[in-house]
Amino acid sequence: MTTYLLRDVSPLGEARTDILLADGVVAAIGSALEAPQDAVEIDGRGLVALPGLVDLHTHLREPGREDAETIASGTRAAALGGFTAVHAMANTTPTQDTAGVVEQVWHLGRRAGWVDVFPVGAVTVGLGGERLAELGAMAESEARVRVFSDDGKCVHDPVVMRRALEYVKAFDGVIAQHAQEPRLTEGSQMHEGVVSAELGLAGWPAVAEEAIVARDVLLAEHVGSRLHVCHLSTAGSVEIVRWAKSRGIDVTAEVTPHHLILTDELARGYDPLFKVNPPLRTQRDVEAVREGLADGTIDIVATDHAPHPREDKDCEWAAAAFGMTGLETALSVVQETMVDTGRMTWADVARVLSSAPARIGRVDGHGRPLAVGEPANLTLVDPAARRVVRPEAQASKSVNSPFGGRELPGRVVATFLRGRATVLDGAPCDGGSADAR
Ligand SMILES: [Zn+2]
């Protein structure tokens, strides 16, 4: 295995130092480290070193929709985005609702070798919302599932939600809820507000999200379990989670990069690239989620990377699929909205994109401090770089990025998974995945 000496990098954006990666771990940190004979030196001047990023919410589409993404293509995109671990959402075909399917996804992730893939288990059989899936069997499987979600659908029945919250306590699991009251959102096409009224599109009111968030924090408190709110998107949801935390309720929440930067005004062009669930909200909501992320009410940024083939997006708004890709732009959007605006430091970025998601997902070996003896999962970022996003040039099989043609700050220069480079000079290390097997 190659030994890497990262010269003059800035861990978490702080004072420059050298970092030696050998035998899969951080072997030494210090100034002017002596290079072992066979070490590959990387000039890290100007580069910020972060713990490898961890995504709690990725749709890899395999099994079932390999035309949109495969585990290999999606995890390659993840590595290019600076990630070393992703949680693969359960809404595949077949659904990830049995030990057999989650183990298949876990094995395919290992074989691809770009990042560690942690399958999310479905809460209910076939995401049907009625019968609990084999939560215990998935937890005890080789895939060691700890995060359960019907994402794409809401666990709307309060009795089913209560039972799920109770069940996962036995193995320290968490229910990640896609908070969408189904009756209030029937036929919804975008955020309900001034823009939807002007366009004549059926609206998705903020209360449809907030009502479920409020119900679920109370259920979590009642049964003493752990709740995670997926892709929180409204100012009201931020207030509810803030209140719940002040009460000591064990709730965590995520926001997506797109909800940190885009608004419902974009629907005016009827370009389905901006059609997403939950929908893009108002500028006031964008301000509220930024504030919530900065003050710790929102724990993490998760991509909700949702690749779709062209035929599902190149159509009229009403017929188009919901969702956007995000693995290869997430860090740049967080830099633009939170770091370059002075709201967060790089240490905060490491928290919301690495240590906190690893903790919520109960993932070992990721989200660890940059310290000697820790697994060498890290990423090097050039924050001074600027780039224009070109979806066709990205690794994802799908091109439904809302940021195509847009200039964003920051560039992932290198990513290391247990000391092995998956990305170097901003390019994937093809073929290098073999030694992960
Ligand atoms: Zn969702």
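Among residues of the stretch 110-123 that are touching a residue at least 40 places away in the same chain (Cβ under 8 Å), those with a Cβ under 9 angstrom from a residue that is among the basic types (Lys, Arg) and assigned to a helix (DSSP H, G or I), sequence gap 6+ or separate chain, pair up as 112/76; 114/76; 115/76; 116/110; 117/110. Of all residues in the stretch 29-58, those satisfying the criterion of being surrounded by fewer than 17 Cβ atoms within 10 Å (Cβ to Cβ) and either under 27 Å from residue 72 (Cα atoms) or touching a Pro at 6+ places or on another chain (Cβ under 9 Å) (or both) are 40, 46. Taking the condition closer than 21 Å to residue 74 by Cβ and away from the ligand (no atom under 16 Å from the Cβ), does residue 273 pass? Judged against the criteria, residue 273 is a match.
When the stretch 221-239 is filtered for residues that are over 10 Å from residue 297 (Cβ atoms) and either more than 16 Å from the ligand (Cβ to nearest atom) or surrounded by fewer than 22 Cβ atoms within 10 Å (Cβ to Cβ) (or both), the ones remaining, listed by number, are 221, 222, 223, 224, 225, 226, 235, 236.
So that you can scan it fast, the table gives a plain yes or no per residue for (1) surrounded by 19 or more Cβ atoms within 10 Å (Cβ to Cβ); (2) within 21 Å of residue 369 (Cα to Cα); (3) within 16 Å of the ligand (Cβ to nearest atom):
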| residue | (1), (2), (3) |
| --- | --- |
| 287 | no, no, no |
| 305 | yes, no, yes |
| 328 | yes, no, no |
| 332 | yes, no, no |
| 336 | yes, no, no |
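In the stretch 251-275, which residue that is among the small types (Gly, Ala, Ser) and assigned to a helix (DSSP H, G or I) is nearest to residue 321 (Cα to Cα)? Restricting to residues being among the small types (Gly, Ala, Ser) and assigned to a helix (DSSP H, G or I), the top hit is 267. No other residue among 26, 9, 86 is among the aliphatic types (A, V, I, L, M), assigned by TED's automatic domain parsing to the domain that holds residue 231 and surrounded by 17 or more Cβ atoms within 10 Å (Cβ to Cβ) apart from 86. Filtering the stretch 45-60 for residues that are part of a loop (DSSP other than H, G, I, E, B), within 16 Å of the ligand (Cβ to nearest atom) and either of a type outside the set (Ser, Thr, Tyr) or in contact with a Leu (Cβ under 6 Å, 6 or more places away or on another chain) (or both) leaves a non-empty set. Residues in the stretch 292-303 that are more than 15 Å from the ligand (Cβ to nearest atom), of a type outside the set (A, V, I, L, M, F, W, C) and part of a loop (DSSP other than H, G, I, E, B): 295, 296, 297, 299.
Picking from residues in the stretch 118-146 that are of a type in the set (Lys, Arg) and under 27 Å from residue 72 (Cβ atoms), the one that is nearest to the chain's Cα centre (by Cα) is 146. Counting the residues of the stretch 394-410 that are in contact (Cβ under 8 Å) with a residue 24 or more places away in the chain and not in a loop (DSSP other than H, G, I, E, B) gives 3. Checking each residue in the stretch 115-131 for being surrounded by fewer than 18 Cβ atoms within 10 Å (Cβ to Cβ) and aliphatic (A, V, I, L, M) picks out only 125.
The one condition from (1) more than 24 Å from residue 9 (Cα to Cα); (2) of a type in the set (Val, Ile, Thr); (3) touching a Ser or Thr at 6+ places or on another chain (Cβ under 9 Å) that residue 48 does not meet is (1).
Results for (1) within 16 Å of the ligand (Cβ to nearest atom); (2) in contact (Cβ under 8 Å) with a residue 24 or more places away in the chain; (3) of a type in the set (Phe, Trp, Tyr), shown as yes or no for each residue.
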position	(1), (2), (3)
146	no, yes, no
150	yes, yes, no
159	no, no, no
163	no, yes, no
171	no, yes, yes
177	yes, yes, no
183	no, no, no
187	no, no, no
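Report yes if some residue within the stretch 191-209 is within 19 Å of residue 123 (Cα to Cα) and buried (at least 21 other Cβ atoms within 10 Å of the Cβ); otherwise report no. Yes.
Listed here are the residues, each with its yes/no results for (1) over 16 Å from residue 128 (Cβ atoms); (2) not in a loop (DSSP other than H, G, I, E, B).
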{"site": "142", "(1), (2)": "yes, no"}
{"site": "145", "(1), (2)": "yes, no"}
{"site": "150", "(1), (2)": "no, no"}
{"site": "154", "(1), (2)": "no, no"}
{"site": "161", "(1), (2)": "no, yes"}
{"site": "164", "(1), (2)": "no, yes"}
{"site": "168", "(1), (2)": "yes, yes"}
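The values are calculated or read from the model by the stated rules, or taken from the named source; none is laboratory data. This one's a predicted model, so the numbers in the text were calculated from it and none came from an experiment. We place every Cβ from the backbone using ideal geometry, glycine too, and count neighbours over all the protein chains shown.
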